[in-house]
1. Let a ≥ b ≥ c be the square roots of the eigenvalues of the Cα gyration tensor of region 257-307; is it rounded (a/c under 1.5), or, if not, prolate (a/b larger than b/c) or oblate?
2. Per residue, how many Å² of accessible area does region 179-313 show with a 1.4 Å probe?
3. Under a point-charge model restricted to the Cβ atoms of Lys and Arg (+1) and Asp and Glu (-1), what is the dipole moment magnitude of region 1-103 relative to its Cα centre, in debye to the nearest 20?
4. Looking at the chain, do any whole DSSP H helices span at least 20 angstrom along their long axis by alpha carbon and average 1.0 or above on Kyte-Doolittle, and which?
5. Rounded to the nearest 5, what % of the DSSP beta bridges within the chain are antiparallel ones?
6. Would you check the accessible area of VAL137, probe 1.4 Å, heavy atoms only, in square angstrom rounded to 10?
7. Taking the convex hull of the alpha carbon atoms in region 159-313, what volume per residue do you get, in Å³?
8. Report the semi-axes of the equivalent ellipsoid for region 8-47 in whole Å, largest first, where each axis is √(5λ) for an eigenvalue λ of the Cα gyration tensor.
Amino acid sequence: MMKIYRTDDQHIHEREKLEDGVWVQLIQPSRQELEQISELTHVDIQDLMAALDEEESSRIELEDGYTLILVDIPTQEVRHANKTFTTIPLGIILTQSLIITVCTEDTSILQCFTQDRVREFSTKKKLRFVYQILFRVATLYQNNLRFLDKKRVEIEECVLGNTDDIDLIALHELESTLVYFATSLRANAAVLERLTRYKRLEQYPDDQELLDDVIVENHQAIEMATIYRDIINGTRELLSAVISNRLNNVMKFLASITLVMAIPTIISGIYGMNVDVRWMPLATVSYGFYWICLITLVICIVVLILLKKKKML
(Lines give C-alpha, C1' and ligand atoms only; values in the text may rest on other atoms or scores of the structure.)
Protein backbone atom coordinates (compact mmCIF):
# COMPACT_ATOMS: atom_id res chain seq x y z
CA MET A 1 0.00 0.00 0.00
CA MET A 2 1.31 3.43 -0.91
CA LYS A 3 0.10 6.80 0.37
CA ILE A 4 1.45 10.29 -0.25
CA TYR A 5 1.17 13.08 2.35
CA ARG A 6 2.13 16.73 2.53
CA THR A 7 1.79 19.28 5.31
CA ASP A 8 0.31 22.66 4.49
CA ASP A 9 -0.76 25.29 7.03
CA GLN A 10 0.50 22.98 9.83
CA HIS A 11 -1.93 20.22 8.85
CA ILE A 12 -1.29 17.03 6.91
CA HIS A 13 -3.15 16.24 3.73
CA GLU A 14 -3.12 13.25 1.43
CA ARG A 15 -1.93 13.86 -2.13
CA GLU A 16 -2.40 11.95 -5.35
CA LYS A 17 1.03 12.35 -6.95
CA LEU A 18 4.64 13.01 -6.08
CA GLU A 19 5.84 16.58 -5.62
CA ASP A 20 8.42 18.47 -3.63
CA GLY A 21 8.09 18.27 0.15
CA VAL A 22 5.86 15.19 0.27
CA TRP A 23 6.11 12.08 2.43
CA VAL A 24 5.66 8.75 0.65
CA GLN A 25 4.49 6.04 3.06
CA LEU A 26 4.93 2.46 1.85
CA ILE A 27 3.27 -0.26 3.95
CA GLN A 28 3.99 -3.81 2.77
CA PRO A 29 4.31 -2.43 -0.77
CA SER A 30 3.88 -4.55 -3.87
CA ARG A 31 6.63 -5.07 -6.40
CA GLN A 32 4.84 -2.74 -8.81
CA GLU A 33 4.70 0.06 -6.23
CA LEU A 34 8.38 -0.35 -5.44
CA GLU A 35 9.33 -0.20 -9.09
CA GLN A 36 7.18 2.88 -9.58
CA ILE A 37 8.76 4.76 -6.66
CA SER A 38 12.23 3.62 -7.69
CA GLU A 39 11.72 4.96 -11.21
CA LEU A 40 10.26 8.29 -10.09
CA THR A 41 12.75 9.02 -7.28
CA HIS A 42 15.84 7.27 -8.70
CA VAL A 43 16.23 5.25 -5.49
CA ASP A 44 17.67 1.76 -5.87
CA ILE A 45 14.86 -0.76 -5.50
CA GLN A 46 17.07 -2.92 -3.26
CA ASP A 47 17.28 -0.04 -0.79
CA LEU A 48 13.50 0.29 -0.89
CA MET A 49 13.16 -3.43 -0.18
CA ALA A 50 15.70 -3.42 2.67
CA ALA A 51 13.07 -2.66 5.32
CA LEU A 52 10.94 -5.59 4.12
CA ASP A 53 13.58 -8.07 5.29
CA GLU A 54 13.16 -8.80 9.00
CA GLU A 55 16.84 -9.78 9.28
CA GLU A 56 18.12 -6.37 8.16
CA SER A 57 20.13 -4.55 10.83
CA SER A 58 20.00 -0.86 11.72
CA ARG A 59 22.38 1.27 9.67
CA ILE A 60 22.86 4.41 7.57
CA GLU A 61 23.95 4.32 3.95
CA LEU A 62 24.88 7.43 2.00
CA GLU A 63 24.11 6.99 -1.69
CA ASP A 64 24.21 9.34 -4.65
CA GLY A 65 21.19 11.58 -4.36
CA TYR A 66 19.62 9.99 -1.29
CA THR A 67 20.28 8.58 2.19
CA LEU A 68 18.97 5.32 3.61
CA ILE A 69 18.31 5.05 7.37
CA LEU A 70 17.25 1.69 8.82
CA VAL A 71 16.13 1.36 12.44
CA ASP A 72 14.40 -1.37 14.42
CA ILE A 73 11.00 -0.55 15.88
CA PRO A 74 8.89 -2.56 18.36
CA THR A 75 5.67 -4.25 17.31
CA GLN A 76 3.23 -6.77 18.73
CA GLU A 77 3.00 -10.41 17.72
CA VAL A 78 1.36 -13.62 18.96
CA ARG A 79 3.79 -16.22 20.24
CA HIS A 80 2.62 -19.47 21.87
CA ALA A 81 -0.94 -18.12 21.87
CA ASN A 82 0.18 -15.11 23.94
CA LYS A 83 0.52 -11.49 22.91
CA THR A 84 4.13 -10.38 23.06
CA PHE A 85 6.55 -8.03 21.30
CA THR A 86 9.24 -8.25 18.67
CA THR A 87 11.15 -5.81 16.45
CA ILE A 88 10.89 -5.09 12.73
CA PRO A 89 12.89 -2.77 10.45
CA LEU A 90 11.67 0.68 9.47
CA GLY A 91 13.28 2.21 6.41
CA ILE A 92 13.59 5.99 6.02
CA ILE A 93 14.91 7.33 2.73
CA LEU A 94 15.77 11.00 2.36
CA THR A 95 16.06 12.50 -1.11
CA GLN A 96 16.60 16.08 -2.15
CA SER A 97 12.87 16.75 -2.53
CA LEU A 98 10.94 14.19 -0.45
CA ILE A 99 11.05 11.54 2.26
CA ILE A 100 10.06 7.87 1.94
CA THR A 101 9.23 5.43 4.74
CA VAL A 102 9.01 1.68 4.19
CA CYS A 103 7.66 -0.84 6.70
CA THR A 104 5.90 -4.19 6.71
CA GLU A 105 3.22 -2.93 9.13
CA ASP A 106 1.13 0.17 9.67
CA THR A 107 2.97 0.99 12.87
CA SER A 108 1.53 3.28 15.53
CA ILE A 109 4.70 5.36 15.30
CA LEU A 110 3.74 6.68 11.86
CA GLN A 111 0.03 6.76 12.63
CA CYS A 112 0.72 9.68 14.96
CA PHE A 113 1.86 11.69 11.93
CA THR A 114 -0.85 10.57 9.52
CA GLN A 115 -3.50 11.42 12.12
CA ASP A 116 -2.02 14.89 12.59
CA ARG A 117 -1.24 14.38 16.29
CA VAL A 118 2.38 15.63 16.26
CA ARG A 119 3.17 19.23 17.01
CA GLU A 120 5.51 21.21 14.73
CA PHE A 121 5.46 18.42 12.16
CA SER A 122 6.27 19.25 8.57
CA THR A 123 7.01 16.91 5.67
CA LYS A 124 9.20 19.66 4.20
CA LYS A 125 11.59 19.59 7.17
CA LYS A 126 12.87 16.13 6.36
CA LEU A 127 15.64 15.76 8.93
CA ARG A 128 13.42 17.03 11.73
CA PHE A 129 10.79 14.55 10.58
CA VAL A 130 13.39 11.77 10.94
CA TYR A 131 14.25 12.89 14.47
CA GLN A 132 10.56 13.02 15.40
CA ILE A 133 10.12 9.45 14.15
CA LEU A 134 13.14 8.27 16.11
CA PHE A 135 11.89 10.05 19.23
CA ARG A 136 8.60 8.15 19.04
CA VAL A 137 10.46 4.92 18.42
CA ALA A 138 12.41 5.37 21.67
CA THR A 139 9.22 6.37 23.52
CA LEU A 140 7.37 3.30 22.24
CA TYR A 141 10.22 1.09 23.41
CA GLN A 142 9.92 2.58 26.90
CA ASN A 143 6.15 2.09 27.01
CA ASN A 144 6.48 -1.53 25.92
CA LEU A 145 9.22 -2.14 28.48
CA ARG A 146 6.98 -0.84 31.25
CA PHE A 147 4.22 -3.17 30.03
CA LEU A 148 6.63 -6.12 30.11
CA ASP A 149 7.65 -5.23 33.66
CA LYS A 150 3.97 -5.26 34.72
CA LYS A 151 3.62 -8.75 33.28
CA ARG A 152 6.71 -9.80 35.23
CA VAL A 153 5.14 -8.49 38.44
CA GLU A 154 1.99 -10.52 37.72
CA ILE A 155 4.07 -13.67 37.29
CA GLU A 156 6.02 -12.89 40.45
CA GLU A 157 2.77 -12.66 42.41
CA CYS A 158 1.94 -16.20 41.31
CA VAL A 159 4.93 -17.44 43.33
CA LEU A 160 2.79 -17.18 46.49
CA GLY A 161 0.21 -19.48 44.90
CA ASN A 162 0.64 -22.42 42.58
CA THR A 163 3.43 -21.99 40.04
CA ASP A 164 2.45 -23.59 36.74
CA ASP A 165 4.55 -24.38 33.70
CA ILE A 166 2.81 -21.57 31.86
CA ASP A 167 4.32 -19.06 34.28
CA LEU A 168 7.83 -20.29 33.54
CA ILE A 169 7.15 -20.18 29.79
CA ALA A 170 5.76 -16.64 30.07
CA LEU A 171 8.83 -15.58 32.01
CA HIS A 172 11.06 -17.04 29.32
CA GLU A 173 9.09 -15.15 26.66
CA LEU A 174 9.59 -11.90 28.55
CA GLU A 175 13.32 -12.50 28.79
CA SER A 176 13.53 -13.29 25.07
CA THR A 177 11.65 -10.10 24.22
CA LEU A 178 13.99 -8.03 26.38
CA VAL A 179 16.96 -9.54 24.53
CA TYR A 180 15.42 -8.50 21.20
CA PHE A 181 14.73 -5.01 22.54
CA ALA A 182 18.21 -4.54 24.00
CA THR A 183 19.87 -5.66 20.76
CA SER A 184 17.72 -3.39 18.61
CA LEU A 185 18.15 -0.40 20.92
CA ARG A 186 21.93 -0.71 20.82
CA ALA A 187 21.84 -0.90 17.03
CA ASN A 188 19.63 2.19 16.95
CA ALA A 189 22.08 3.94 19.26
CA ALA A 190 24.82 3.42 16.68
CA VAL A 191 22.57 5.06 14.07
CA LEU A 192 21.89 8.02 16.37
CA GLU A 193 25.58 8.43 17.08
CA ARG A 194 26.27 8.71 13.38
CA LEU A 195 23.43 11.17 12.94
CA THR A 196 25.22 13.54 15.34
CA ARG A 197 27.93 13.82 12.69
CA TYR A 198 25.44 13.98 9.81
CA LYS A 199 25.84 17.22 7.82
CA ARG A 200 24.47 16.15 4.46
CA LEU A 201 21.05 17.80 4.81
CA GLU A 202 20.16 21.19 6.16
CA GLN A 203 19.29 21.24 9.86
CA TYR A 204 16.98 23.75 11.45
CA PRO A 205 18.07 25.43 14.70
CA ASP A 206 15.95 23.15 16.91
CA ASP A 207 16.96 19.94 15.15
CA GLN A 208 20.14 19.37 17.17
CA GLU A 209 18.27 19.80 20.44
CA LEU A 210 15.65 17.30 19.25
CA LEU A 211 18.37 14.83 18.29
CA ASP A 212 19.90 15.17 21.76
CA ASP A 213 16.48 14.35 23.26
CA VAL A 214 16.23 11.28 21.02
CA ILE A 215 19.66 10.07 22.16
CA VAL A 216 18.71 10.54 25.82
CA GLU A 217 15.41 8.67 25.40
CA ASN A 218 17.09 5.82 23.52
CA HIS A 219 19.78 5.54 26.19
CA GLN A 220 17.11 5.46 28.89
CA ALA A 221 15.32 2.67 27.01
CA ILE A 222 18.60 0.70 26.89
CA GLU A 223 19.04 1.13 30.65
CA MET A 224 15.43 0.05 31.26
CA ALA A 225 15.89 -3.08 29.14
CA THR A 226 19.08 -3.98 31.00
CA ILE A 227 17.54 -3.42 34.44
CA TYR A 228 14.35 -5.33 33.63
CA ARG A 229 16.33 -8.23 32.20
CA ASP A 230 18.40 -8.44 35.40
CA ILE A 231 15.19 -8.36 37.46
CA ILE A 232 13.69 -11.15 35.36
CA ASN A 233 16.82 -13.24 35.91
CA GLY A 234 16.32 -12.75 39.64
CA THR A 235 12.63 -13.66 39.33
CA ARG A 236 13.51 -16.82 37.44
CA GLU A 237 16.03 -17.81 40.11
CA LEU A 238 13.37 -17.11 42.76
CA LEU A 239 10.87 -19.36 40.97
CA SER A 240 13.47 -22.12 40.72
CA ALA A 241 14.28 -21.82 44.42
CA VAL A 242 10.59 -21.85 45.36
CA ILE A 243 9.91 -24.93 43.23
CA SER A 244 12.93 -26.74 44.72
CA ASN A 245 11.87 -25.79 48.24
CA ARG A 246 8.33 -27.07 47.63
CA LEU A 247 9.71 -30.32 46.26
CA ASN A 248 11.92 -30.72 49.34
CA ASN A 249 8.94 -30.12 51.61
CA VAL A 250 6.89 -32.75 49.77
CA MET A 251 9.74 -35.25 50.02
CA LYS A 252 10.13 -34.56 53.76
CA PHE A 253 6.40 -35.00 54.28
CA LEU A 254 6.33 -38.29 52.37
CA ALA A 255 9.38 -39.55 54.26
CA SER A 256 7.72 -38.71 57.59
CA ILE A 257 4.47 -40.45 56.60
CA THR A 258 6.45 -43.49 55.48
CA LEU A 259 8.24 -43.61 58.85
CA VAL A 260 4.98 -43.40 60.82
CA MET A 261 3.26 -46.02 58.67
CA ALA A 262 6.21 -48.37 59.14
CA ILE A 263 5.49 -48.66 62.88
CA PRO A 264 2.15 -50.58 62.65
CA THR A 265 3.61 -52.59 59.77
CA ILE A 266 6.52 -53.78 61.90
CA ILE A 267 4.31 -54.59 64.91
CA SER A 268 1.74 -56.49 62.82
CA GLY A 269 4.58 -58.33 61.11
CA ILE A 270 6.01 -59.49 64.40
CA TYR A 271 2.64 -60.69 65.68
CA GLY A 272 2.06 -62.42 62.41
CA MET A 273 5.05 -64.72 62.92
CA ASN A 274 4.26 -68.42 63.46
CA VAL A 275 5.61 -68.76 67.05
CA ASP A 276 4.21 -70.02 70.34
CA VAL A 277 1.72 -67.62 71.93
CA ARG A 278 3.65 -67.86 75.19
CA TRP A 279 6.36 -65.73 73.66
CA MET A 280 4.01 -63.04 72.29
CA PRO A 281 3.10 -60.23 74.74
CA LEU A 282 -0.62 -59.72 75.31
CA ALA A 283 -1.40 -62.77 73.16
CA THR A 284 -3.41 -64.45 75.92
CA VAL A 285 -4.77 -61.32 77.61
CA SER A 286 -8.43 -60.40 77.27
CA TYR A 287 -8.86 -57.68 74.68
CA GLY A 288 -5.17 -58.13 73.76
CA PHE A 289 -5.80 -57.11 70.17
CA TYR A 290 -7.24 -53.76 71.25
CA TRP A 291 -4.35 -53.17 73.65
CA ILE A 292 -1.86 -53.81 70.83
CA CYS A 293 -3.72 -51.39 68.56
CA LEU A 294 -3.79 -48.77 71.32
CA ILE A 295 -0.06 -49.12 72.03
CA THR A 296 0.67 -48.89 68.29
CA LEU A 297 -1.45 -45.73 68.05
CA VAL A 298 0.37 -44.14 71.02
CA ILE A 299 3.76 -44.92 69.49
CA CYS A 300 2.67 -43.39 66.16
CA ILE A 301 1.42 -40.24 67.92
CA VAL A 302 4.71 -39.89 69.85
CA VAL A 303 6.68 -40.24 66.61
CA LEU A 304 4.46 -37.64 64.91
CA ILE A 305 5.08 -35.20 67.79
CA LEU A 306 8.84 -35.75 67.54
CA LEU A 307 8.78 -35.23 63.77
CA LYS A 308 6.75 -32.06 64.25
CA LYS A 309 9.31 -30.69 66.68
CA LYS A 310 12.05 -31.52 64.16
CA LYS A 311 10.02 -29.61 61.51
CA MET A 312 9.74 -32.69 59.35
CA LEU A 313 6.00 -32.17 58.88
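1. Note, shape of region 257-307 comes out oblate.
2. With all protein chains present, region 179-313 gives 69 Å² per residue.
3. With Lys and Arg at +1 and Asp and Glu at -1, about 460 debye.
4. Qualifying helices, which must be both long enough and hydrophobic enough, are 288-309.
5. Percent antiparallel among DSSP bridges in the chain is about 85.
6. My reading of the accessible area for VAL137 is about 0 Å².
7. Convex hull of Cα atoms, per residue: 157 Å³.
8. 22, 11, 8
The values are calculated or read from the model by the stated rules, or taken from the named source; none is laboratory data. Predicted, not measured: the structure shown is a model, and the values here were computed from it. Quick reminder, even Gly has a Cβ in these numbers, built from the backbone with ideal geometry, and neighbours come from all protein chains shown. Note: accessible area is taken over every heavy atom of the protein model, side chains too, but ligands, DNA and RNA are not part of it. Shrake-Rupley method; radii C 1.70, N 1.55, O 1.52, S 1.80 Å.
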